[in-house]
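Report on the following structure.
The values are calculated or read from the model by the stated rules, or taken from the named source; none is laboratory data. Bear in mind the structure is a predicted one, so any value in this text is a computation, not a measurement. Reconstructed Cβ throughout: ideal geometry from the backbone, glycine too, with neighbour counts over all protein chains shown.
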Amino acid sequence: MNEILHVSIDQMAGLTFDCSCGRTHSFPMEFFSFGKDVLPRIKEAAAPYKDRQIFLYADVNTDRVAGQQVKKILEEAGFDIQYYVFPADEDHDLFPDETSLGRILINMRRDTGLFIGVGSGVINDLGKYASMVTGKPHMIVATAPSMDGYVSNSSSITCENKKLSIPTVMPVAVVGDTTILKEAPMDMIRSGYGDVLGKITAIPDWKLAQIKANEYYCETSAELVSRGVRELLSLTDGIAARDDHAVDVLIQNLVICGVAMSIVGLSRPASGAEHMLSHYWEMEFHKKNMPAYFHGTKVGLATPIVAEIFEKMADLVPEEAMKMAPSSKECRAYLQRVGLPVNPREIGVDRELFVRSLKEAYTVRNRYSILKLAVETGRIDAIAEELAEEYYG
Ligand SMILES: [Zn+2]
Ligand SMILES: [Zn+2]
């Protein structure tokens, strides 16, 4: 029962266990390798697909960091590789949208039998989607500990300026060389920290959804995530200093968040109202062609805001969920200690957008959240004004 809570991260691939939530969970990944200098292991991951044409892709940064190396490793091992590097668009970050997906589908050879992405959030979302539409498997070589989507089976795709969370497919393999991951830009490491911090409100939001909307809830999955959050938060100063052990713990916990989502087939253990706000802002940034900031930077910023909504709604939130909610003050202190923005203004969210996002972000995903409770009970307008006053004066 609940074996996943008692095994090391390497032992999670392929694990099946009976859970106290009443379900049998499994984590169906074929190959999972995280650690120092494991990059060459991509050969082992790809070995079962050796007879296939491989579409390997990266962006201009990840090409330099690991793409060239992966290409060389695979070519020397006799794999048939087509290597594609997304062009650097001056006016546009690489985005998981129609253009980028179209580039993959147009550039890949018709007989592609395996996708291998080299990158983090965007590259990974694109690979999962391409795999889903073509029915071919994909793998990811992780280059930054910036978000928790490496082992998830859903993609954030933006289409016609609307951010969609689309069920896609899990990669068959993830290779994360910590020597490379540790050299990621500090902003990406901070983003990963912000994404993990966001679980501190995602879990009570999930509990709330169980109580108010009768949603399925799995304690094992929630504990897997919560345990990792506690461990990482205790190493906050180490993250700020890019300490080896702290960054290792960050990477492991980003992966574990993915495992937790995957075993329940839902993003709930790792994504609540803080993600809805982040997605709402991101859609607006995309529409206006503004810099998007990293996923976890926005999620981290939204976390004390959501914690404060819990606090303001304490009289209406069932006790069981309320006692899991964090202190907004503590959340803000974590952001400050690690050097993440604490005021939405710092990332370009103006007062109008801030207020509108609080009122409308519950529509981003069709699921229950503290935002929905605030809307349903007619409290959201007053809360939005109070928070706007606090952040914008
Ligand atoms: Zn369970
Ligand atoms: Zn996230």
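Quick look at the values:
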{"item": "Selection within the stretch 263-276 - within 16 Å of ligand 1 (Cβ to nearest atom) and closer than 19 Å to Asn366 by Cα", "result": "Val264, Gly265, Leu266, Ser267, Arg268, Pro269, Ala270"}
{"item": "Given (1) more than 16 Å from ligand 1 (Cβ to nearest atom); (2) more than 20 Å from Met108 (Cβ to Cβ); (3) at pLDDT 95 or above; (4) of a type outside the set (D, E, K, R), index of the condition Gly22 fails", "result": "(1)"}
{"item": "Residue within the stretch 30-50 that is touching a residue at least 24 places away in the same chain (Cβ under 8 Å), part of a helix (DSSP H, G or I), among the polar types (S, T, N, Q) and more than 16 Å from ligand 2 (Cβ to nearest atom) present", "result": "no"}
{"item": "Unmet requirement for Ala13, which otherwise passes all of (1) under 26 Å from Tyr217 (Cβ atoms); (2) crowded, with 16+ Cβ neighbours inside 10 Å; (3) modelled with pLDDT of 95 or more", "result": "(3)"}
{"item": "Given (1) under 18 Å from Val225 (Cα atoms); (2) in a helix (DSSP H, G or I); (3) away from ligand 1 (no atom under 16 Å from the Cβ); (4) not polar (S, T, N, Q), index of the condition His279 fails", "result": "(1)"}
{"item": "Test for Ser146: is it within 16 Å of ligand 2 (Cβ to nearest atom) and touching a Pro at 6+ places or on another chain (Cβ under 8 Å)", "result": "no"}
{"item": "Subset of the stretch 215-244 [more than 16 Å from ligand 1 (Cβ to nearest atom), of a type outside the set (A, V, I, L, M, F, W, C) and either touching a Leu at 6+ places or on another chain (Cβ under 7 Å) or not in a helix (DSSP H, G or I) (or both)]", "result": "Ser234, Arg242, Asp243"}
{"item": "Residue that is farthest from ligand 1 (Cβ to nearest atom) [pool: residues in the stretch 172-189 that are crowded, with 24+ Cβ neighbours inside 10 Å and assigned to a helix (DSSP H, G or I)]", "result": "Ile189"}
{"item": "The listed residue being modelled with pLDDT of 95 or more and of a type in the set (D, E, K, R), out of Glu44, Glu90", "result": "Glu44"}
{"item": "Subset of the stretch 26-45 (residues that are more than 12 Å from Pro171 (Cα to Cα) and of a type in the set (Gly, Ala, Ser))", "result": "Ser26, Ser33, Gly35"}
{"item": "Looking only at the stretch 1-19, and only at residues there that are in a helix (DSSP H, G or I) and free of Cβ contacts under 8 Å to residues at least 24 places away in the same chain, the one that is farthest from ligand 1 (Cβ to nearest atom)", "result": "Gln11"}
{"item": "Options Ile200, Ile256, Ile189, Ile263; residue that is under 16 Å from the mean Cα position of the chain (by Cα), within 21 Å of Ile4 (Cβ to Cβ) and more than 14 Å from ligand 2 (Cβ to nearest atom)", "result": "Ile263"}
